[in-house]
Each structure stands twice: as C-alpha cells, then as structure tokens.
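Step one of this worksheet: look at the structure below.
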Amino acid sequence: MILQYIEKALAHARYEIIKDDEPYYGEIPELAGVYATGKTLEECRANLMEVIDGWIIVRLRRGLPIPQIDNCTIEEVIRLDQSVRA
C-alpha cells in the first residue's frame with residue numbers, strides 16, 4: 001500500500017535543473033513540503049522517494065491527513081495496546 005502510494009506520487013513529480021552542487025531538483029506538488037535534490041536525476045528520484053516515505057510516517061504519527069493520489073490512499077493504522085491480549 002505504501003509503496004504503491006509512493007510510486008503514484010513519483011509519477012506526479014516535477015523536476016528541474018538548478019544552479020547548485022546537486023543540480024537536479026524534484027518535488028511533488030500535491031504533497032506540501034516534499035522535495036529533494038541530487039547530483040543525477042536518478043539520485044534525485046531516489047532521494048525524493050525517501051522524503052515521501054518519511055513524510056508519510058510523520059503525517060501518520062501526528063494524525064494528519066494524507067491526500068489521495070490517483071485513487072490511492074493511506075489510512076491511519078490503529079495500533080493496539082500491547083497490554084491487551086486476546
């Protein structure tokens with residue numbers, strides 16, 4: 001589910017070349033604050049993948065909504081208290 005979401009998000013990525021040591025810049029417009037850079041396009045894409053993964057974790061931990069992308073959603077996982085046993 002999470003990998004599918006990341007793949008769909010990457011399909012929405014916008015890339016550009018900037019004047020920097022890591023000239024490739026990528027962002028996902030639908031995911032506020034999700035961007036990455038890299039020395040190559042492949043490195044930028046890999047970095048962007050990691051950023052999306054971390055972004056999802058933070059949003060889940062804080063109970064923040066995760067926007068739907070191409071009919072793909074991630075819903076909050078309810079953690080059971082470990083002291084409660086069946």
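Which of LEU48, LEU64, LEU31 moves most in a GNM of the chain, Cα contacts under 10 Å?
Judging by the Gaussian network model, the answer is LEU64.
Sort MET49, MET1 so that the residue with the fewest other Cβ atoms within 10 Å of its own Cβ comes first and the one with the most comes last.
With the fewest neighbours first, MET49, MET1 line up as MET1, MET49.
Which order do ASP53, ASP21 fall in if you start with the one that has the fewest other Cβ atoms within 10 Å?
Fewest to most other Cβ atoms nearby, the residues stand as ASP21, ASP53.
Build a GNM of the chain with springs between Cα atoms under 10 Å: which of ARG62, ARG14, ARG45 gets the top mean-square fluctuation?
ARG62
Going from the alpha-carbon gyration tensor of the chain, what semi-axes, largest first and in whole Å, does one get by taking the root of 5 times each eigenvalue?
30, 13, 10
Which value, in debye to the nearest 20, describes the size of the charge dipole of the chain about its Cα centre when Lys and Arg Cβ atoms bear +1, Asp and Glu Cβ atoms bear -1, and nothing else is charged? Please list the in-between numbers first.
On the way: 10 positive and 15 negative charges, 76 e Å.
With only Lys, Arg, Asp and Glu charged at Cβ, the dipole is about 360 debye.
Calculate how steeply helix 41-62 sits against the longest principal axis of the alpha-carbon atoms of the chain, using the helix alpha-carbon long axis, and give the answer as 0 to 90 degrees to the nearest 10.
Result, in degrees: 30.
Here, each number is a calculation from the coordinates, and none is a lab measurement. All figures in this text were calculated on a predicted structure; none of them were measured in a lab. A quick note on method: Cβ atoms are made from the backbone with ideal geometry, for glycine too, and the neighbour counts reach across all protein chains shown.
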